[in-house]
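Structure, as structure tokens:
Every number in this text was worked out from the coordinates using simple rules, so none of it is lab data. Bear in mind the structure is a predicted one, so any value in this text is a computation, not a measurement. So basically every Cβ, Gly included, is an ideal-geometry build from the backbone, and we count neighbours across all protein chains shown.
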Amino acid sequence: MADQARARAESIGVSIPTEATVDLSKRPHIGETIIQAILFICGVLSIFTTVGIVWVLFQQAWLFFGDPEVSVLEFFTTFRWVPEIGLFGVWPLVTATFMTSLIGMLVAIPFGLAAAIYLSEYASDRVRSVVKPLLEILAGVPTVVYGYFALGFITPLLRNIFGINTVNIYNMASAGIAMGILILPLIASLSEDALSAVPQSLRNASFGLGATRLETAIRVVLPAAASGLVAAFIIGISRAVGETMIVALAAGAGPNLTANPFDSAETITGHIARISGGDISYGSIQYTSIFALGLLLFVITLGLNILSRRLVARFREVYE
Amino acid sequence: MSAESINPEERSVGVLPEGPAVKQNIARRQLIGQIWRGIFFFAIVFGLVALLTLILDVVNDSFGLIATQSEVDEQEITGGRELEDLSQAELVAILNENLSRRVLTRLNREQPLEERDAANLVEVIETEVLKTELVAVFPLWESLTQRAAIEERVTERFPRAELSWKAWVNWDFITTPMSSVAFNAGVRTAILGTLWVTMLTALIAIPVGIFAAIYLEEYADHRVWYNKIIQTNINNLAGVPSIIYGMLGLAIFVRVLEPFTSGAFFGVSSGGGATLNGRTILSAAFTMALLILPVIIITGQEAIRAVPNSLRQGSYGLGATKWQTVWNIVLPQAFPSILTGIILAVSRAVGETAPLILVGASTFIVTDPNGPFSKFTVLPIQIYTWTQQPEQEFKIIAAAAIVVLLIVMLFLNATAVLLRNYFRSKRVSV
Amino acid sequence: MTTYDIDSSNANAIEARDMSIYYGAFRAVNKVSLAIEKNKITAFIGPSGCGKSTVLRSFNRMNDLVPTARTEGEIVFRGKNLYAPDVDPVEVRRRIGMVFQKANPFPKSIYENIAYGPRINGWRGTKAEMDELVERSLRGAALWDDVKDKLQQSGLSLSGGQQQRLCIARALATQPEVILMDEPCSALDPISTLKIEELMFELRQRYTIIIVTHNMQQASRASDYTAFFLMNSERAGELVEYGTTEQIFHNPKDERTEQYISGRFG
Ligand SMILES: Nc1ncnc2c1ncn2[C@@H]1O[C@H](COP(=O)(O)OP(=O)(O)OP(=O)(O)O)[C@@H](O)[C@H]1O
Ligand SMILES: [Mg+2]
């Protein structure tokens, strides 16, 4: 029987392996191994990036703090940053960074959150499908364009409203507002994700008790999405702290310890950009100082990002 | 609630509104709801108005009236005719008549006058003989609505000035190189720089990014510690500010790897400088590649994760190896989404400025970049330096450059959408 | 809705008249008419997809929340058509509460879960009164003894059956007249199911209950009236037979009802 079948199969050009030709034992696949190794290397490359960043920042910052002219104590406890005469107190840069980010978040969080609530709780699918891509365009505009916009539109607007004498040509308010507009879509989109992740059944329960849409949104959906929302805000803050071009163009050149948002003051990133854009010689204290600032910036943003991801993870735990 | 369903022994606890109070209560709540709905909607309007204002502001600045003034009257040297109507020989004659020997020698050394075409000669006459100068610029809106006032002001301050319309974004602007005179400046060098940097960046980042995404999704066992580290690390890298990548690029690619990135190692001299210089397109591309890698990897991972497992099992069931399955089944299926992520990342690279300030894009450069070891500038850097200038006309060409940049990005994104739709339509639906 | 027909001689709590419900162009329910008797438990039975939930949701206008949904016909509650243009669904839902298939407590404390409904509906009273309202609602749902020591714990920390009773307690707190339950026991173990059924019997004295169930035993042992739904040839749900549970289960008039009940169908 079997022989007959085999003969027939062979006669139509199909060869059926005999027992001897079938070998199920494990064979090394050289090609597969090489490919896997290549893929692995590509994955590991990102580790080198991080190691590179950390190494560069620490090494140069080490040189900076190792200089007899500076000390870590001076860096964190004095209030003037004038590299030309060897004053390296980081606070004016930090407060300016804080101020521009704060103004940015004052614009981005209320507007971004409100937009997210509208999109997730009120908007029809059609409105959503139009508005979301438009907001994405807003987020995709290069930051240098926002810098131009801050300097060429927002600043004149502020000067018209508050008076030329009150508002400096370069000021933190203008940069902060532009930053807020830049970050608004990011917050809106992340917040909308968090709100949409709240199960529909909770909304139904609330409606079923006679709640209005607003009551449901504010008293059920928002609290349920709280950690996801906070995570979105923190990502926004981290973006604001690291944002460079807007502040470099609109906030002013020159560290300035001030609480007046209409004053000009240089942020950490703005200072790094200005110093490195000029002619600095490698190895000079100015050169190493920007790496010390970079390290500070890196630590702050990394901390914020890790915090944000923790919160998102907790948020997921509740609903999955 | 009506009396009948209240158990008489039970004391009522608090009061829920009843009767007319219910209507009031609900009317109030609904009104508050409507008001807040309006407020939420306003936030969206605010965002869209901001986008519109931004675009209008840029457009407003890149078109409008300009006032130019010449030291010498055009009619005087041409005998009452228009420069544009003169023949090449006549133009050469005018130059020979009006310029000093020294200037003529210099011009002839650059390119003999007789060999130049009419357009070029007109330009030379304008700058060297007439010394035409830009004295005032007006944005579009003002030009349209306050023409009379503008004319009055210009004739008062610059009696010999001429008022004319100018579209700052034009073919000349795109094709002429940088110049220290705003009126003559163009973005040719910057566009070429942007193209070079972006292409090299894409060339480096795309394969590495996709491979890393494949590794993490298809090969890596996420319970193993080093894979966990890789994943966390990539997520963290995505949040590192771009300027820090610039510092990495400056310290590593520009300085440590200078022999390579300057081209000296390969026997290429970089951009005419006598000393080694790592501030090249290659350094910029490596920096940008590292910057956009996390974006490509993360979006790639999401795309691969979205491919249904049943497809993989189908392939394995036919005896395919892992790589065969990935290459023939998973990747084609995930491709449209991967592509979207790539374009997103690449357009980020096109618009990114801060890292290139550190890596050392040149702010003034007139020669076209001719390879990975050239010095370079890019559009965003050009916009940045022009915006920083105090003179109004530089702000205006910054706006024109922004228009060009936005068009480039729009073009990129439109391509992405088209390609994605094309591949989606070709893909077998699951 | 200003004046109610408080006529206690009318023994019907709520009545559907020629209700047809559409999702977009699809007619999910076709001309259903039935009157639900006050202080009784009415069960909706029928094969999956025949529109039981859809009809149930139309009783407190939860269908309004589905953008594509549209209704024809009337739901009469206290002499008023709930779908009349001047009726606010928000008030309807306060009067006609709902318990869902899957327990859905808010991610708040047990106490806050109960207090939520009264608070949004403009309840006024002291803290002590709210405490009492919470206790009474929890007692009403036979949950008080289980949770009296952990009122501040999250509602999500309870077991599935307790969560469902919490949802019932939550519905009781707004003092509704009718309670709609859509397969409230389908995710519960037999013991919890039994508890909820006992609870329904108690609640019946003060509330009118409509329950959707796939469980024939449950329908037969826990309800006073039964309505049997079935899809017609266009897949639209129709009411086939409606009567006392006793009659439907022991003496069905319609052949299809008999087939379904005896398990020879769907
Ligand atoms: N939101 C909706 N959008 C569109 N169609 C819907 C929607 N909800 C239900 N349907 C359709 O209406 C019909 C009736 O659905 P319904 O949920 O009322 O059935 P059911 O009897 O409750 O079924 P089950 O016993 O499975 O819960 C079904 O064909 C369903 O597909
Ligand atoms: Mg159902």
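Results, tabulated for the structure shown:
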{"read-out": "Amide H contacts of C:Glu37 (H built 1.01 Å from N, under 5 Å, at least 5 apart or other chain)", "value": "C:Ala13"}
{"read-out": "Under 20 Å from the Cα of B:Lys131 - lysines, other chains or at least 8 residues apart", "value": "B:Lys166"}
{"read-out": "Pair B:Asn96, B:Thr367: separation of 7 Å Cα→Cβ label points (nm)", "value": "3.4"}
{"read-out": "Antiparallel content of DSSP bridges confined to the protein assembly as shown, in %, to 5", "value": "70"}
{"read-out": "Cubic angstrom per residue, convex hull over Cα atoms of region C:78-154", "value": "135"}
{"read-out": "Taking region B:188-426 and dividing mean pair separation by its residue count, relative contact order in percent (alpha carbons under 8 Å, at least six apart)", "value": "29"}
{"read-out": "Listed residue (C:Asn113, C:Gln205, C:Met181) projecting farthest to the positive dipole end of region C:12-261, Cβ model", "value": "C:Asn113"}
{"read-out": "Which of B:Ser180, B:Ala213, B:Ser242, positive extreme of dipole for region B:165-298 (C-beta unit charges)", "value": "B:Ser180"}
{"read-out": "Placed amide H near C:Ala227: partners under 5 Å, 5+ positions off or other chain", "value": "C:Ala43, C:Phe44, C:Ile45"}
{"read-out": "Cut-off 19 Å, label 7 Å out along Cα→Cβ of B:Arg81, residues of region B:100-126 by amide N", "value": "B:114-126"}
{"read-out": "Rounded tilt (10° steps) of A:226-242 against the dominant C-alpha axis of chain A", "value": "60"}
{"read-out": "Only Lys, Arg (+1) and Asp, Glu (-1) charged, at Cβ; chain B dipole about Cα centre in debye", "value": "2360"}
{"read-out": "Rg and Dmax of region B:188-426, Cα atoms only, in Å", "value": "20.2, 70"}
{"read-out": "Counting DSSP beta bridges with both ends in chain C, the antiparallel % (nearest 5)", "value": "60"}
{"read-out": "Per-residue average of Cβ from other chains inside 10 Å of B:48-58", "value": "6"}
{"read-out": "Region C:1-115 - Rg (one decimal) and Dmax (whole number), Cα, Å", "value": "15.3, 43"}
{"read-out": "Separation in nanometres of the label points that stand 7 Å from Cα toward Cβ, at C:Tyr23 and C:Ser186", "value": "1.3"}
{"read-out": "Compactness of region B:326-430 as Cα Rg over 2.2 N^0.38 Å, two decimals", "value": "1.43"}
{"read-out": "Total formal charge among the other residues, if their Cβ is under 11 angstrom from that of B:Val181, Lys/Arg +1 and Asp/Glu -1", "value": "-3"}
{"read-out": "Of C:Lys102/C:Lys127; C:Lys102/C:Lys148; C:Lys127/C:Lys150; C:Lys148/C:Lys195, pairs whose Cα-Cα distance is over 20 Å", "value": "C:Lys102/C:Lys127; C:Lys102/C:Lys148"}
{"read-out": "22 Å Cα-Cα reach of C:Lys31 towards lysines, excluding residues that sit fewer than 8 places from it in its own chain", "value": "C:Lys52, C:Lys80, C:Lys253"}
{"read-out": "Chain B - Rg over Rh from alpha carbon coordinates, Kirkwood radius", "value": "1.16"}
{"read-out": "Under the span-like rule (Cα at least 18 Å along the axis, Kyte-Doolittle mean at least 0.5), DSSP H helices of chain C", "value": "C:190-203"}
{"read-out": "C:Val29 long-range amide H proximity, modeled H, under 5 Å", "value": "C:Ile21, C:Gly237"}
{"read-out": "Inter-probe distance in nm under a simple model that places probes 7 Å from Cα toward Cβ, at A:Trp62 and B:Ala149", "value": "6.3"}
{"read-out": "Of the DSSP H helices in chain B, those whose Cα atoms cover at least 20 Å axially and whose Kyte score averages -0.5 or more", "value": "B:20-62, B:188-214, B:281-305, B:331-351, B:392-426"}
{"read-out": "Long-range Cα-Cα pairs in region A:111-258 (distance over 27 Å), rounded percent", "value": "36"}
{"read-out": "Under 16 Å from B:Lys23, Cα to Cα: aspartates and glutamates that are on another chain or at least 8 residues apart", "value": "C:Asp86, C:Asp88, C:Glu91"}
{"read-out": "Sequence ranges C:152-161, C:42-51, C:165-174, ranked by mean other-Cβ count within 10 angstrom, highest first", "value": "C:165-174, C:42-51, C:152-161"}
{"read-out": "For residues of C:87-94, the mean tally of beta carbons on other chains within 10 Å", "value": "6"}
{"read-out": "Projected area averaged over orientations for chain C, convex hull of C-alpha atoms, nm²", "value": "14.6"}
{"read-out": "Cα centroid of region C:14-61 to Cα centroid of region B:345-406, whole Å", "value": "67"}
{"read-out": "Cα-based Rg of the protein assembly as shown normalised by 2.2 N^0.38 Å, two decimals", "value": "1.21"}
{"read-out": "Extension reserve of the A:Ser201-A:Ala259 stretch, reckoned as 0.36 nm per residue once the Cα distance is removed", "value": "16.2 nm"}
{"read-out": "Cβ-based exposure ranking for C:Thr68, B:Thr155, in which fewest neighbours within 10 Å come first", "value": "C:Thr68, B:Thr155"}
{"read-out": "Within the protein assembly as shown, helix-based [θ] at 222 nm, where runs of 4 or more DSSP H residues each add -39,500 (n - 2.57), nearest 500", "value": "-17500 deg cm²/dmol"}
{"read-out": "Whole-number D in µm² s⁻¹ for region B:65-168, Kirkwood Cα-pair radius fed into Stokes-Einstein, 25 °C, 0.890 mPa s", "value": "161"}
{"read-out": "Residue mean of other protein chain beta carbons inside 10 Å, A:297-303", "value": "3"}
{"read-out": "Over chain A - Rg/Rh using Cα atoms and the Kirkwood inverse-distance radius", "value": "1.21"}
{"read-out": "Positive-end extreme of charge dipole, the protein assembly as shown - chosen from C:Thr257, A:Gly163, B:Phe286 (charges on Cβ)", "value": "C:Thr257"}
{"read-out": "Cα-based convex hull volume of region B:300-343 per residue, rounded to whole Å³", "value": "54"}
